[in-house]
Amino acid sequence: MAAAAAARRGSSLLSRCLLSRPAAAASPAVPSALRRADGTQGLLPGILQRFSTAAVAEEPISPPVQVNYTQLLIDGKFVDSASGKTFPTLDPRTGELIAHVAEGDAEDINRAVHAARKAFDEGPWPKMTAYERSRILLRFADLIEKHNDEIAALETWDNGKPYAQAANIEVPMVARLMRYYAGWADKIHGLVVPADGPHHVQVLHEPIGVAGQIIPWNFPLLMFAWKVGPALACGNTVVLKTAEQTPLSALFASKLLHEAGLPDGVVNVVSGFGPTAGAALASHMDVDKIAFTGSTDTGKIVLELAARSNLKSVTLELGGKSPFIIMDDADVDHAVELAHFALFFNQGQCCCAGSRTFVHERIYDEFVEKAKARALKRVVGDPFKNGVEQGPQIDDEQFNKILRYIKYGVDSGANLVTGGDRLGDKGYYIQPTIFSDVQDNMRIAQEEIFGPVQSILKFNDLNEVIKRANASQYGLAAGVFTNNLNTANTLTRALRVGTVWVNCFDVFDAAIPFGGYKQSGIGREKGIDSLKNYLQVKAVVTPIKNAAWL
């Protein structure tokens, strides 16, 4: 498709794609499989209705993709789980079955770790030249592009995110990430350092070994790339556990990795549940490293299991309650649009969502009214439909959690400006919801909701908002909106977070590191810093006799 191909040639900066057009602009082209026999698209008659049950009431579009991979991938082969058990993966548009997927448990983790250990200790992958590893990753990126629309449809079907987002932004970002790490593969090198004496000293950077990786459901394929890319570039082998809500895209992508020439056993994928497969992976004595993305509470469990087993190194990318600070010199219309995107993108299911919108008191009332108007225009419906901005939440558990938080907001005295209920009577759709007059001590201002609920807080002083923004257990990200360079510089240095976006939000690039302060995690994903997660540092010291120089 021309639109998708153009996007793949473009930048991987997420917000550039989403903010460069008005909110109501047409989405990229719908796949030909979604068009009716008469050539028209499978959309509502006329203009798609906004923020109404009509947008989600009609029969869902049939996804233009088949589910071909539902087994575990162990040692290069798709196999059933040892127990023979399966679990259902559901369509969040309807709550109905997509497919039954093999349910891995501790025995399957053992099989996968054994395959990964053998591939690392005896197989060709770590002994292969870095250039050859790079070529395999480049071929994989090419295959991702070739299957772009098929992968995007799987992601939308399994997750509920808009197809245009998956096809024109996320899948191309996976290809970009893989090319980025392919470029690093043959540029990982050590040092020769001088010593105070007649010794030759080398500092080697070696692959860490078998990496266990646990990915979340909100960005399944992107998180696959964030983790698998640097691990493979450094010469490691991988056992990856998918989220039970979204197992399909990682299985498909892993098949493409092997098609690109990846040796058997280098990447193994086990679908299953956290308390069984996830816990077995985090506590496995033959896993050298664990990387986890998910909630802070689960991250603490992963960290404890790693410590209690073999003290394996741990990378954690966890929750957030990111402040988005709008100063009184802001262009209010632009600030409203950016704050709307910062919170509602991906159905609000983002760890770095700008979920605490701090607005200066001088523009507060105007901002709230315009934020309400923008939310009422938000297009909610079947994510396969052209023009839809917001699909369903991931599952009934998350759906009900969000509705409970909305009730907490009402009960605590926050002003429900708009939304506050489910949308339609089928699937997991929730109205875009806004609260004003939110206070710092309210649960909706303190806890991660992970849904389309915007909390707008008022402030009147720069020092005040810095203190309040930092008064959180989280420190993942923040947004700053101001025309004053001194104000921007003050805030970027004062905010205790891993990423600060100034007059933008959700700008993600392969080279930009991402991770958090405080209880938002340990370590960084992406960029050069991510390589450090998958390397050991070794010093080699050799005496020198009759050295010509030291």
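The values are calculated or read from the model by the stated rules, or taken from the named source; none is laboratory data. Quantities reported herein were computed from a predicted structural model and do not represent experimental measurements. Glycine also receives a Cβ, built like all others from the backbone with ideal geometry; neighbour counts cover every protein chain displayed. All accessible areas refer to the heavy atoms of the entire protein, side chains included, with ligands and DNA or RNA removed. Shrake-Rupley method; radii C 1.70, N 1.55, O 1.52, S 1.80 Å.
With the condition kept exactly as written, say whether any residue in region 246-268 is in contact with a helix residue (DSSP H, G or I) (Cβ under 9 Å, 6 or more places away or on another chain), among the acidic types (Asp, Glu) and more than 17 Å from residue 313 (Cα to Cα).
Yes, there is a match, as at least one residue in region 246-268 is in contact with a helix residue (DSSP H, G or I) (Cβ under 9 Å, 6 or more places away or on another chain), among the acidic types (Asp, Glu) and more than 17 Å from residue 313 (Cα to Cα).
What tally of residues in region 524-550 results from selecting those that are assigned to a loop (DSSP other than H, G, I, E, B) and open to solvent by less than 20 Å² (accessible area, probe 1.4 Å)?
So the answer is 1.
Only one of these is buried (at least 24 other Cβ atoms within 10 Å of the Cβ), assigned by the TED database to the domain that holds residue 258, of a type outside the set (A, V, I, L, M) and assigned to a helix (DSSP H, G or I): 132, 155. Name it.
On the way: 132 fails: buried (at least 24 other Cβ atoms within 10 Å of the Cβ).
That would be 155, the only listed residue that is buried (at least 24 other Cβ atoms within 10 Å of the Cβ), assigned by the TED database to the domain that holds residue 258, of a type outside the set (A, V, I, L, M) and assigned to a helix (DSSP H, G or I).
Looking at region 200-209, is at least one residue hydrophobic (A, V, I, L, M, F, W, C) and in a helix (DSSP H, G or I)? Spell out how you get there, then give the answer.
Of region 200-209, the ones hydrophobic (A, V, I, L, M, F, W, C) are 201, 203-204, 208.
Adding the requirement that they be in a helix (DSSP H, G or I) leaves none.
No: region 200-209 contains no residue that is hydrophobic (A, V, I, L, M, F, W, C) and in a helix (DSSP H, G or I).
From the list 299, 381, pick out the single residue that is more than 18 Å from residue 220 (Cα to Cα), small (Gly, Ala, Ser) and crowded, with 17+ Cβ neighbours inside 10 Å.
Numbers: 299 fails: more than 18 Å from residue 220 (Cα to Cα).
381 is the lone residue from the list that is more than 18 Å from residue 220 (Cα to Cα), small (Gly, Ala, Ser) and crowded, with 17+ Cβ neighbours inside 10 Å.
Can you pull out the residues in region 469-486 that are surrounded by fewer than 18 Cβ atoms within 10 Å (Cβ to Cβ) and either more than 23 Å from the chain's Cα centre (by Cα) or closer than 28 Å to residue 374 by Cα (or both)? Let's see the steps before the verdict.
The first filter runs over region 469-486 and keeps only residues surrounded by fewer than 18 Cβ atoms within 10 Å (Cβ to Cβ), leaving 470-471, 473, 483-486.
Within region 469-486, 470, 471, 483, 484, 485, 486 qualify.
Would you call residue 124 open to solvent by 70 Å² or more (accessible area, probe 1.4 Å) and either in the same structural domain as residue 208 (by the TED database) or touching a residue at least 24 places away in the same chain (Cβ under 8 Å) (or both)?
Working: open to solvent by 70 Å² or more (accessible area, probe 1.4 Å): yes; either in the same structural domain as residue 208 (by the TED database) or touching a residue at least 24 places away in the same chain (Cβ under 8 Å) (or both): yes.
It is true that residue 124 is open to solvent by 70 Å² or more (accessible area, probe 1.4 Å) and either in the same structural domain as residue 208 (by the TED database) or touching a residue at least 24 places away in the same chain (Cβ under 8 Å) (or both).
If I filter region 400-413 down to residues being open to solvent by 10 Å² or more (accessible area, probe 1.4 Å) and in contact (Cβ under 8 Å) with a residue 12 or more places away in the chain, which single residue comes out as farthest from the chain's Cα centre (by Cα)?
Residues of region 400-413 that are open to solvent by 10 Å² or more (accessible area, probe 1.4 Å), as a first pass: 400-401, 403-405, 407-408, 410-413.
If we keep only those that are in contact (Cβ under 8 Å) with a residue 12 or more places away in the chain too, we end up with 401, 403, 405, 408, 412-413.
Working: 401: 20, 403: 23, 405: 23, 408: 27, 412: 31, 413: 33 Å.
Across region 400-413, the extreme among qualifying residues is 413.
Residues of region 64-108 being polar (S, T, N, Q) and open to solvent by less than 50 Å² (accessible area, probe 1.4 Å), which ones?
Our first condition is that a residue be polar (S, T, N, Q); within region 64-108, this holds for 66, 68, 70-71, 81, 83, 86, 89, 94.
If the condition is that a residue be polar (S, T, N, Q) and open to solvent by less than 50 Å² (accessible area, probe 1.4 Å), then 70, 81, 89, 94 are the ones that fit.
Tell me which helices (runs of 4 or more DSSP H) are completely within region 250-359 and hold 3 or more residues being under 23 Å from the mean Cα position of the chain (by Cα) and without any contact (Cβ under 8 Å) to a residue 40 or more places away in the chain, or say none if there are none.
Values: elements: 279-282, 296-308, 332-344.
Answer list for region 250-359: 296-308.
Please find, among 27, 15, the residue that is modelled with pLDDT under 95 and assigned to a loop (DSSP other than H, G, I, E, B). Explain how you work it out, then say what you get.
Values: 15 fails: assigned to a loop (DSSP other than H, G, I, E, B).
The conditions single out 27.
Please determine, by comparing only the residues of region 135-148 that are over 18 Å from residue 188 (Cβ atoms) and among the aliphatic types (A, V, I, L, M), which one is most open to solvent (accessible area, probe 1.4 Å).
In the first step, residues of region 135-148 are kept if they are over 18 Å from residue 188 (Cβ atoms); the result is 139-148.
Checking the rest, the ones that are also among the aliphatic types (A, V, I, L, M) come to 141, 143-144.
On the way: 141: 0, 143: 24, 144: 1 Å².
Checked region 135-148; the qualifying residue most open to solvent (accessible area, probe 1.4 Å) is 143.
Residue by residue, here is whether (1) under 30 Å from residue 294 (Cα atoms); (2) open to solvent by 10 Å² or more (accessible area, probe 1.4 Å); (3) modelled with pLDDT under 95; (4) hydrophobic (A, V, I, L, M, F, W, C) holds:
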residue: 339; (1), (2), (3), (4): yes, no, no, yes
residue: 347; (1), (2), (3), (4): yes, no, no, no
residue: 352; (1), (2), (3), (4): yes, no, no, yes
residue: 375; (1), (2), (3), (4): yes, no, no, yes
residue: 389; (1), (2), (3), (4): yes, yes, no, no
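Looking only at region 263-282, which residues are closer than 21 Å to residue 521 by Cβ and surrounded by fewer than 22 Cβ atoms within 10 Å (Cβ to Cβ)?
Of the residues in region 263-282, the ones closer than 21 Å to residue 521 by Cβ are 274, 278-279, 281-282.
Answer for region 263-282, where residues must be closer than 21 Å to residue 521 by Cβ and surrounded by fewer than 22 Cβ atoms within 10 Å (Cβ to Cβ): 274, 279.
If I ask for residues that are free of Cβ contacts under 8 Å to residues at least 60 places away in the same chain, assigned to a loop (DSSP other than H, G, I, E, B) and either under 28 Å from residue 508 (Cβ atoms) or in contact with a Gly (Cβ under 9 Å, 6 or more places away or on another chain) (or both), which ones from region 172-199 would you list?
186, 187, 189
Would you tally the residues in region 511-523 being closer than 19 Å to residue 174 by Cβ and surrounded by 20 or more Cβ atoms within 10 Å (Cβ to Cβ)?
Of all residues in region 511-523, those closer than 19 Å to residue 174 by Cβ come to 511-514.
Next, only the ones that are surrounded by 20 or more Cβ atoms within 10 Å (Cβ to Cβ) stay: 514.
Adding up the residues that qualify gives 1.
Within region 222-239, count every residue that is within 18 Å of residue 513 (Cα to Cα) and either under 15 Å from the mean Cα position of the chain (by Cα) or of a type in the set (Ser, Thr, Tyr) (or both).
8
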